[in-house]
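Structure first, then comments.
We did not get these values from a lab; they are worked out from the coordinates using the rules stated. Quick caveat: nothing in here was measured; it's all calculated off a predicted structure. Neighbour counts are summed over all protein chains in view; Cβ atoms, including those assigned to glycine, are modelled from backbone coordinates with ideal geometry.
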Amino acid sequence: MKIAIASDHGGFRLKKQVAAYLQENGYSYQDFGTLSDEAVDYPDFALSAAQAVAGGEYALAILCCGTGVGVSIAANKVPGIRAANCSDPFSARLSREHNDANVLTLGERVLGCGLALEVLAAFLQGRYLGGRHACRVEKIREIEVKFLGRGEADR
Ligand code: RB5
């Protein structure tokens, strides 16, 4: 399973911890930047990693910013992305099991490194359950289709 990781400057140090965790636990990952703590715009990096997941090249993405909120909002604009901003392992696991989340977002200024890595582990261990959740995830996809269609008609 290939994993995309990305951050802005506000999540840069946490992204390094995420990379180390993935390395130590045998996950294959690609870093989509940013590559320093110089100030950048989080949508640019969220977009690169989210597109890599939506295009099918990567199974999951882990995105970090100061709160996890900005990268989550940006990633969720990419059709096919279901990004979950999680601060606890329970939500992270259920985001996979119930929501089929394909992106986890984490806030460096919110979470200590220990908790952030527990949230990450729970997300990676979670498996989508399908069943009664499938029609709900399908309804999310239908919302995308509805508004993508309207966007094209407006142009
Ligand atoms: C950067 O200062 C900060 O706004 C960003 O990392 C993130 O928290 C946005 O949601």
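Values for this structure:
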| read-out | value |
| --- | --- |
| Matching residues in segment 1-18 - criterion: being assigned to a loop (DSSP other than H, G, I, E, B) and either away from the ligand (no atom under 14 Å from the Cβ) or under 14 Å from A121 (Cα atoms) (or both) | M1 |
| Where E97 falls short, out of the listed (1) among the acidic types (D, E); (2) out of contact with any helix residue (DSSP H, G or I) (no Cβ under 8 Å at 6 or more places or on another chain); (3) away from the ligand (no atom under 16 Å from the Cβ) | (2) |
| Of all residues in segment 19-33 being outside any strand (DSSP E or B) and touching a helix residue (DSSP H, G or I) at 6+ places or on another chain (Cβ under 6 Å), the one that is farthest from the ligand (Cβ to nearest atom) | Y21 |
| Residues within segment 25-73 that are over 17 Å from L106 (Cβ atoms) and among the acidic types (D, E), tallied | 4 |
| Number of the exception - S72 against (1) outside any helix (DSSP H, G or I); (2) buried (at least 23 other Cβ atoms within 10 Å of the Cβ); (3) hydroxyl-bearing (S, T, Y) | (1) |
| When residues of segment 53-72 are limited to those that are under 11 Å from the mean Cα position of the chain (by Cα) and closer than 19 Å to Q23 by Cβ, the one farthest from the ligand (Cβ to nearest atom) | A59 |
